[in-house]
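Encoded as structure tokens, the structure appears first; notes follow it.
The values are calculated or read from the model by the stated rules, or taken from the named source; none is laboratory data. Everything numeric in this text was worked out from a predicted model, so none of it was measured. Cβ placement follows ideal geometry from the backbone for every residue including glycine, while neighbour counts extend to all protein chains displayed.
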Amino acid sequence: MRHLIMILVMLSMNSFVQNSNAEEKAVPLWPDGAPGAVGTEEADIPTLTPYFPDPDKATGAAFIVCPGGGYGGLADHEGKPVAEWLNSIGITSFVLRYRHAPNYGHPIPLGDAQRAIRTLRAQAEDWKIDPDRIGIMGFSAGGHLTASAGTHYDAGNPDSADPIERVSCRPDAIAPIYGVISMGKYTHQGSKKNLLGENPSQELIDLMSNEKQVTPDTPPTFLMHTVEDKGVHSNNSLLFALALREAGVDHELHLYQMGRHGVGLAPDDPILSSWPERMADWLRIQGFASEN
């Protein structure tokens, strides 16, 4: 009888492991409390929620997903559905709950994103992912956070007592989707105010205008925007693409004529819904995605 029970338990565990799009509980980025936290509510605790592809399809690559929300919230439709889409092309994905206004502005959201990248890299063996294939993507303000992570990073602090802080926070690929890139002329004013405050200095505006921070070491980049976007001007993506081109960074830009802001995967738009497959093709070029 004991042997039968053990067999049933093992079969049950195996069934769970084999289940595609398996979601686990959110993991705090700082188990003992995040630096700069002003409280202990859910909004004060940055987390990663992992989603796993079918083991037979998993490529070993990973992506962090940053939902948008104007640095004042987090849009659900730009989180879990995107993570599950990434799973469908073999990529392990992690939805980032980062801190934002009204209680948090710069540099807290960027610090959360950097910590997320370090966490995956430091614990890659535990997650069964490749520490050299860790990407980050985001939407709208989450696209700004993504571009910020791709232009503001360091190699880690080798003297830190925290092993996670010892590793690099440079992503290996980035994908700002209809993202806020600039804090200048074409910025989204709500995102700028929530991130930088009412009267930021020109120095801070320039620092967080990511088109001004591109270097030849900026990671390969995928960009998608629409000309029709009335929420975030498409010039944000165009400026970033121009900076990438001038720096010699591999990139791909898809600028659709029509499509409103904030569409996520655009499941109800027969044309715009093609963008995830364009990104999947790009991810195959980068060695992140499965072939089918």
Could you list, in sequence order, the residues of the stretch 216-237 that are under 24 Å from Glu277 (Cβ atoms) and in a helix (DSSP H, G or I)?
Asn236, Ser237
Inside the stretch 104-123, the number of residues satisfying the requirement of being part of a helix (DSSP H, G or I) and either of a type in the set (S, T, N, Q) or in contact with a strand residue (DSSP E or B) (Cβ under 8 Å, 6 or more places away or on another chain) (or both) is 8
Can you confirm whether the stretch 202-221 contains a residue that is of a type in the set (Asp, Glu), at pLDDT 95 or above, buried (at least 21 other Cβ atoms within 10 Å of the Cβ) and more than 21 Å from Asp76 (Cα to Cα)?
yes
Could you give me the residue pairs with C-beta distances under 7 Å whose first residue belongs to the stretch 237-260 and is in contact (Cβ under 8 Å) with a residue 12 or more places away in the chain and surrounded by 15 or more Cβ atoms within 10 Å (Cβ to Cβ), whose second residue is part of a helix (DSSP H, G or I) and not aliphatic (A, V, I, L, M) wherever it lies, and which are 6+ apart or on separate chains?
Leu239/Glu211; Phe240/Asn210; Phe240/Glu211; Ala243/Glu211; Glu252/Trp282; Leu253/Ser237; His254/Trp275; His254/Arg278
Condition test on Ile181, is it within 28 Å of Arg133 (Cβ to Cβ), part of a loop (DSSP other than H, G, I, E, B), under 22 Å from the mean Cα position of the chain (by Cα) and modelled with pLDDT of 95 or more?
yes
In a helix (DSSP H, G or I), hydrophobic (A, V, I, L, M, F, W, C) and under 18 Å from the mean Cα position of the chain (by Cα), is that true of Phe240?
yes
Among residues of the stretch 115-166 being under 30 Å from Met183 (Cα atoms) and among the aromatic types (Phe, Trp, Tyr), the residue surrounded by the fewest Cβ atoms within 10 Å (Cβ to Cβ) is Tyr153
Within the set of pairs 6+ apart or on separate chains, which have a first residue in the stretch 93-120 that is free of Cβ contacts under 8 Å to residues at least 24 places away in the same chain and more than 21 Å from Pro81 (Cα to Cα), a second that is surrounded by 20 or more Cβ atoms within 10 Å (Cβ to Cβ) and of a type in the set (Phe, Trp, Tyr), and C-beta atoms under 6 Å apart?
none
Find the residue count for the stretch 64-103, including only residues that are closer than 17 Å to Ala141 by Cα, in a strand (DSSP E or B) and not basic (Lys, Arg).
5
Could you grab me the full set of residues in the stretch 125-174 that are over 24 Å from Glu78 (Cα atoms) and either touching a Leu at 6+ places or on another chain (Cβ under 8 Å) or part of a helix (DSSP H, G or I) (or both)?
Glu125, Asp126, Pro131, Pro163, Ile164, Glu165, Arg166
